[in-house]
1. What is the spin-label model distance, in nm, from A:R176 to A:D531 if the labels are put 7 Å beyond Cα along the C-beta direction?
2. May I ask you to list the aspartates and glutamates whose Cα is less than 18 Å away from that of A:K511, ignoring any residue fewer than eight positions away on the same chain?
3. To test your reading of the geometry: what angle, between 0 and 90 degrees and rounded to tens, separates the Cα axis of helix A:431-441 from the longest principal axis of chain A?
4. I'm a student and want to see the number: the projected area of the Cα convex hull of the range B:95-167, averaged over all directions, in nm².
5. Determine the alpha carbon to alpha carbon distance for each of A:K69/A:K474; A:K69/A:K129; B:K103/B:K143; A:K135/A:K165 and list only those over 20 Å.
6. If you filter the range A:253-334 for trypsin sites (Lys or Arg not before Pro), then keep DSSP loop positions with at most 16 other Cβ within 10 Å, what is left?
7. Pairing the Cα long axis of helix B:109-120 with the longest principal axis of chain B, what angle in degrees results, from 0 to 90 and rounded to the nearest 10?
8. Restricting to DSSP loop positions (anything but H, G, I, E, B) with no more than 16 other Cβ atoms inside 10 Å of their own Cβ, which trypsin sites (Lys or Arg not before Pro) remain in the range A:323-420?
Amino acid sequence: MTDKQMTGSEILVKVLQDLGVDVVFGYPGGAVLPIYDALSQQNSLRHILVRQEGAAVHAAEGYARSTGKVGVVLVTSGPGATNCVTGLADAWMDSVPVVCLTGQVPTHLIGNDAFQEADTVGITRPCTKHNYLVKEVGDLARVVREAFLVAASGRPGPVVVDLPKDVVTATAAYTRPSAPMQHPSYSPRLKGDPERISEAVDLLAGARRPLIYAGGGVINSGPAASQLLTNLVNMTGIPTTLTLMGLGALPASNRNFIGMVGMHGSLEANMCMHDCDVMLCVGARFDDRVTGRTDAFSPESRKIHIDIDASSINKNIHADVPIVGDCGYVLEHFIKLWKSRQARCDGDALDKWWTQIDAWRQRKSFSYKRSDTVIKPQQALEVLNQRTSGRDDVYFTTEVGQHQMWAAQFLHFEKPNHWMTSGGLGTMGYGLPAALGVQIAHPDALVIDVAGEASILMNMQEMSTLAQYRLPVKAFILNNRWMGMVRQWQEFFFGGRYSESYMDSLPDFVKLAEAYGAVGLRATTPDELEDVVDEMISTPRTVIADIVVDPDENVYPMIPAGAAHNQVTMSPDEEVVLDQAHREEGMVLV
Amino acid sequence: MSVAEKKTVSTRKATIAVLVDNEPGVLARVVGLFSGRGYNIDSLTVNEVDESAGLSRITIVTSGSEMVIAQIMAQLQRIVPVHRVCDFVMQGLHVERELALVKVASTGDKRVEALRIADIFRARVVDSTIGSFVFEITGSLEKISAFVDLMRPLGLVDVSRTGVAAISRGPEPI
């Protein structure tokens, strides 16, 4: 192929096409006008115009997490880039592969406090996996390719490429490389140490009360890893819990699935975490929402920890058998070894363990009291789950708060990549733009944002984007007129002093939907609920369903911050088990 | 086992060498990691060590529990332009040196005493006026601190220290 002189903008578009990118979420501005001009000269790369740059990153996250591909963002310099910071931090915490292309003022103006100048590389350094400032047009193609390699491989994450305006207008030769990219210092380890894996097989086989605890790393590894996890669970009969990020890695209908773990996880999952004697952690990171008090965390277990990121191991919890590697590779090796050794856990001990787990299950920790007059949020999600189960093409996103936890408890995922939620950063406003990105990737699928009325208002402007591209996203708002999770914590830890958590002057969501050319529906009583859910699902347009729910409902069970796994508060009828010391600790902890 | 008691965690010093691409911002990545995650930096030295390969070497003296130091190592390894990370304490025998320039302004007995102590410490005079000396001293962190402390009552006015440079003993690189 002969070298052809092209502008930086043309090179950028060409590299993106060569990398197989089909969609870019973005917003134009002064510094990126040359790139937008190049975009207008071609047809294979589709641009989705969001209404605020932060939403572009969440949309790219939704796209990435529902496809396994890299999500791409294009924004201008200064405020365009700074608006992306929350989304980048979100993608960083949840290991989502995103490449964010930011405009920058021309190189000779950098450092001069030029119009719409910000130190994008400096600002985004701590919330990205890596970032680049391209100073020469000759480096542009290599850097963009490298950015995709870094974003997608190893533990995925967001990468920023900052593009000064003079670099994208300068010209250079462009040749498509024939070989895949090699990086001199960056090479994530995929295969685990065979000796460690062998040790892990022996340890798990010798367990009397084993537990598998799997997380988002399994999903990031690809669908094959989820299948391998399911095979391992079926083969061994070991009870298995998933983290918020891991839902879908094992089908919810699997009889060995004991529900989500953590602060609002099932009683049986948390009790198993506490009482197990061997814990196999696959692609999860012992987050504080999972462990509760670390000094009382699973005190009697020996722990095997599989993670592609060595810094996740021994960060919060000591691992007896650390295995650095990709979940898929390690699980494959583990299963092979398990089979060849004809390993199995002690059957009698496992039966006894399951008897205990079934007793915990009998407590039905997600149960709630129904009402004839007011819709319970859990009930709304039960109906939603029932009306969407059995369908392959349903994707859920959430905002952040009580509704998110209820969604995690009551929606059942049979497959990976169908559940998009902001776990690590806890970003209110994530769900609607993420749903936008999912719908772009899966135009014919049913995409539902389970929302709270407070969260969704943080990115409500994206209704306009949904309208422009006729994306039939459903916003299912559990409207309790409160920042529910804030109110719940104020009730538990701050003496019921509800400081600034009431959502006053809310819009009429039905009229709001109509203002954006969408369909607005509302359910205020339990007998309206099913019809509204059915109508929402069957309407082939953008819908906001305003589900007016009980404002006083709390999320149970709950392990209050500062408590151990066996100190679960099950329901409002049960006294909060905290003593004064823990109550004070809870006020301080997040 | 009930709730574990609060354990007193023992900490140790670590001297860490980080081999990085010599590119803009790489020092900020390393230093930002320490400040962002709340690790200590007791000493920091950085310079290019291989011009043809474009490599710089950062030497950091830090302290923490074994778990924290292992975290620091793993977090450093995660930075994309980082080629190699080495904890000298774990690696075995090594040599650590620091250089300092120490300015002392005094006259009479104090000036004579400063010169005498400098001789004991094998510090060299690199600048002299009627009323002052600038000493150059090389050695371990502790030796330099001891020298600076002794100069304090003898008219110490300024100190510039390079931070620790470290290298392993024997024929192998890190």
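1. Placing both labels 7 Å along Cα→Cβ, they lie 5.7 nm apart.
2. Once the sequence-local aspartates and glutamates are set aside, what remains near A:K511 is A:E453, A:E462, A:E535, A:D546.
3. Helix A:431-441 sits at roughly 70 degrees to that axis.
4. Numbers: hull surface 17.2 nm².
About 4.3 nm², averaged over all directions.
5. On the way: A:K69/A:K474 23 Å; A:K69/A:K129 16 Å; B:K103/B:K143 16 Å; A:K135/A:K165 10 Å.
From the list (A:K69/A:K474; A:K69/A:K129; B:K103/B:K143; A:K135/A:K165), the Cα-Cα distance tops 20 Å for A:K69/A:K474.
6. Values: sites: A:R255, A:R285, A:R289, A:R293, A:R302, A:K303, A:K315; in loops: A:R255, A:R285, A:R293, A:K315.
Within the range A:253-334, the qualifying trypsin sites (Lys or Arg not before Pro) (loop, at most 16 other Cβ atoms within 10 Å) are A:R255.
7. 50 degrees
8. On the way: sites: A:K336, A:K339, A:R341, A:R344, A:K352, A:R361, A:R363, A:K364, A:K369, A:R370, A:R387, A:R391; in loops: A:R341, A:R344, A:R363, A:K364, A:K369, A:R370, A:R391.
Answer by residue number: A:R341, A:R344, A:R363, A:K364, A:K369, A:R370, A:R391.
Each reported figure results from applying straightforward, stated rules to the coordinates on display, with no laboratory input. Keep in mind that what you see is a predicted model, and the values were worked out from it rather than measured. With ideal geometry, Cβ positions are generated from the backbone for all residues, glycine too; neighbour counts draw on all protein chains shown.
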